[in-house]
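Remarks on the structure that follows.
The values are calculated or read from the model by the stated rules, or taken from the named source; none is laboratory data. Since the model is a prediction, treat every value here as computed from it, not as a measurement. Glycine also receives a Cβ, built like all others from the backbone with ideal geometry; neighbour counts cover every protein chain displayed. The accessibility values were calculated without ligands, DNA or RNA, using every heavy atom of the protein model including side chains. Shrake-Rupley method; radii C 1.70, N 1.55, O 1.52, S 1.80 Å.
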Amino acid sequence: MMYRKILIAYNGTPESASALQECIRLRPDPDVEIHLLGVIDDPTPPIVGDFGTPIHFNPDEQIAEDRKKMDRELTHGLKILRDAGLNPVVHLEVGEPVAVIDEVARKLGVELVIVGHGRHRSWATRWWRGSTDASLIEKISCSLLVAPERHRPSTLGYRGFGL
């Protein structure tokens with residue numbers, strides 16, 4: 001048995017659908033703990049709008065809306081994994097994705113984190129905005145499997161929408 005605890009970061013995008021597929025391809029034993037993690041970005045309220053006018057922003061409402069969307073995505077990811085014979089534990093957290101993935105992985109004693117990676121972003125976008133998988137490499141203390149986005153995510157039953 002190679003890994004006893006696996007964490008899959010999933011948000012419904014084609015990239016994260018690839019992470020599900022990579023976990024399935026590993027064919028973990030039934031006694032391996034698999035955790036499916038969805039992370040909602042903690043919204044940062046804008047300070048002012050045009051011409052210094054305060055903007056009405058309720059972060060609790062935004063989190064509630066994002067939670068509904070992520071619940072749907074996690075339900076879909078759970079179904080994909082269960083259809084493949086796996087029985088993951090689902091987690092939904094709020095915060096900065098890299099920090100949350102690291103925290104959950106440490107708390108659970110995870111040995112492998114699986115994330116998806118899209119190649120469609122330009123090099124300039126990756127350079128300016130960074131990359132979750134690159135940040136995770138420096139942050140987490142366990143193994144990291146970076147799954148490339150598949151050209152045909154429908155092989156997983158992916159519905160074709162993300163957040």
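A few notes on this one:
- Criterion (in a helix (DSSP H, G or I), over 16 Å from K139 (Cβ atoms), open to solvent by less than 70 Å² (accessible area, probe 1.4 Å) and acidic (D, E)) met by exactly one of D66, D102: D66
- Residue count for region 1-54 under the criterion of being farther than 19 Å from R67 by Cα, touching a His at 6+ places or on another chain (Cβ under 8 Å) and either modelled with pLDDT of 90 or more or of a type in the set (V, I, T) (or both): the result is 4.
- Against the criterion of being of a type outside the set (F, W, Y), under 19 Å from C23 (Cα atoms) and at pLDDT below 95, L108 does not qualify.
- Residues (touching a helix residue (DSSP H, G or I) at 6+ places or on another chain (Cβ under 7 Å) and closer than 24 Å to L26 by Cα) located in region 87-96: P88, V90, H91, L92
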